[in-house]
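> Structure in structure tokens, see below.
The values are calculated or read from the model by the stated rules, or taken from the named source; none is laboratory data. Please read these numbers as outputs of a predicted model, since none were measured by experiment. Methodologically, a virtual Cβ is constructed for each residue, glycine included, from the backbone with ideal geometry; neighbour enumeration extends over all protein chains shown. All accessible areas refer to the heavy atoms of the entire protein, side chains included, with ligands and DNA or RNA removed. Shrake-Rupley method; radii C 1.70, N 1.55, O 1.52, S 1.80 Å.
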Amino acid sequence: MNSSRITYTAPGKIILFGEHAVVYGYPALAIAIDRRAKCTVSSYSSDEDVVLSTNLYPGKTFLVSCKESFPSSLQAILFLIKKLIDNFQSNLPLQIDISSSIPSSSGLGSSAAVSVALTNSLSTFLGGNYSLEDVNKIAFEAEKIQHGQPSGIDNNISTYGGSILYQNGLMEQITIDDFSGFWVIANSMIERNTKDIVANVQKNYKRKQEKTEEIFHLIHSIVIRGKECIKNNKLDEIGELMKENQTLLEQLGVGHSKVTDLLLILKKNGSVGEKLTGAGVGGCVVGLFDNIKDAHSAIKNIKKKGYQAFTANYTKIGVTIDD
Ligand code: MEV
């Protein structure tokens with residue numbers, strides 16, 4: 001594309017059912033939400049280098065030629081920039097600006113959304129015409145750098161948007177047009193590292209394989225029932241399944257006292273179901289409400305306790321150009 005500036009955005013996500021089990025080849029169900037990562041690529045006239053800025057490090061810039069200056073949290077981004085520059089044999093001086101309204105390290109797929117938006121904007125700026133499949137595949141490589149052994153659900157939902165059932169690299173789009181519930185996300189403010197948590201679950205899996213497989217099987221059954229309930233707008237049943245899934249996640253060892261605190265506040269304020277979302281051990285929880293009034297009062301009461309909280313709306317829009 002012949003343009004001096006290209007911007008793409010990509011959504012974050014909530015996993016409704018099936019996190020962790022999905023890493024072992026079981027299905028999981030996720031929906032894209034209206035919190036997005038944004039990446040703008042433009043020409044940079046005063047230097048030969050590629051310059052990166054990101055709202056993760058406000059006021060700082062990183063030179064791609066000086067890879068030592070990149071903290072570990074930006075290694076996946078550095079990998080993507082280098083890979084794409086290499087693919088397109090570019091020696092253009094570039095400015096790359098990343099900003100995201102998805103809280104980072106909190107289970108909402110912020111790193112995948114950034115990788116997807118960056119891959120699409122930079123490849124397009126450099127004259128490429130990647131399909132969504134290409135973008136998804138490249139973002140998955142970055143996710144492996146960021147998270148070790150990710151299932152791939154995060155890059156899929158960020159690329160395609162909507163609602164998906166994901167299993168072993170395969171994705172099924174689910175239609176939830178008639179959904180009447182309201183999602184509240186509350187952030188325990190405990191930032192954690194998905195890579196470490198997934199590795200820890202794996203350690204436990206090796207020690208107690210039979211028990212862990214049993215838990216995964218139960219989660220599998222929740223995902224299958226959850227899929228039907230979400231398609232048919234059965235809010236109370238979805239809520240019950242969320243609670244069941246939460247119990248099983250706690251048995252996997254990914255609970256946290258602040259998460260328990262948040263789940264209780266959601267419940268007291270009338271949620272029909274609530275669970276952690278993503279890797280757990282902190283991060284975010286999601287509550288389902290059947291009316292917006294209760295959802296808002298839950299948010300108010302969660303904030304009073306010093307946590308972050310917001311409503312999240314489902315979005316069908318995956319990665320898209322922003323003009
Ligand atoms: C993904 O957001 C959370 C985990 O299921 C890891 C993965 O699927 O890659 C814990």
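> Just the residues that are part of a loop (DSSP other than H, G, I, E, B) and more than 12 Å from the ligand (Cβ to nearest atom), please, taken from region 103-117.
Selection gives Pro103, Ser104.
> Between a residue in region 16-31 that is outside the structural domain of His147 (by TED's automatic domain parsing) and any residue that is within 11 Å of the ligand (Cβ to nearest atom) and not in a strand (DSSP E or B), which pairs come within a Cβ distance under 6 Å, given they are 6 or more apart or on different chains?
So the pair list comes out empty.
> For the list (1) on the phi > 0 side of the Ramachandran plot; (2) open to solvent by 20 Å² or more (accessible area, probe 1.4 Å), I need the number of the one condition that Asp178 fails.
(1)
> Given the criterion without any contact (Cβ under 8 Å) to a residue 40 or more places away in the chain, within 16 Å of the ligand (Cβ to nearest atom) and out of contact with any Gly (no Cβ under 6 Å at 6 or more places or on another chain), identify the matching residue among Lys208, Lys203.
Lys203
> Scan Gly282, Gly226 and give me the residue that is modelled with pLDDT of 95 or more and touching a Ser or Thr at 6+ places or on another chain (Cβ under 6 Å).
Gly282
> Something else: Of the residues in region 4-32, how many are closer than 12 Å to Tyr166 by Cα and charged (D, E, K, R)?
Result for region 4-32: 1.
> Does region 221-242 hold any residues that are under 11 Å from Ile174 (Cα atoms) and open to solvent by less than 80 Å² (accessible area, probe 1.4 Å), and which are they?
Within region 221-242, Lys227, Ile230 meet the criteria.
> Continuing with this model, one more query. Tally up the residues in region 65-83 that are within 25 Å of the chain's Cα centre (by Cα) and touching a residue at least 12 places away in the same chain (Cβ under 8 Å), please.
12
> Mind counting the residues in region 291-307 that are touching a helix residue (DSSP H, G or I) at 6+ places or on another chain (Cβ under 8 Å) and either in a helix (DSSP H, G or I) or surrounded by 15 or more Cβ atoms within 10 Å (Cβ to Cβ) (or both)?
Looking only at that region, the number is 4.
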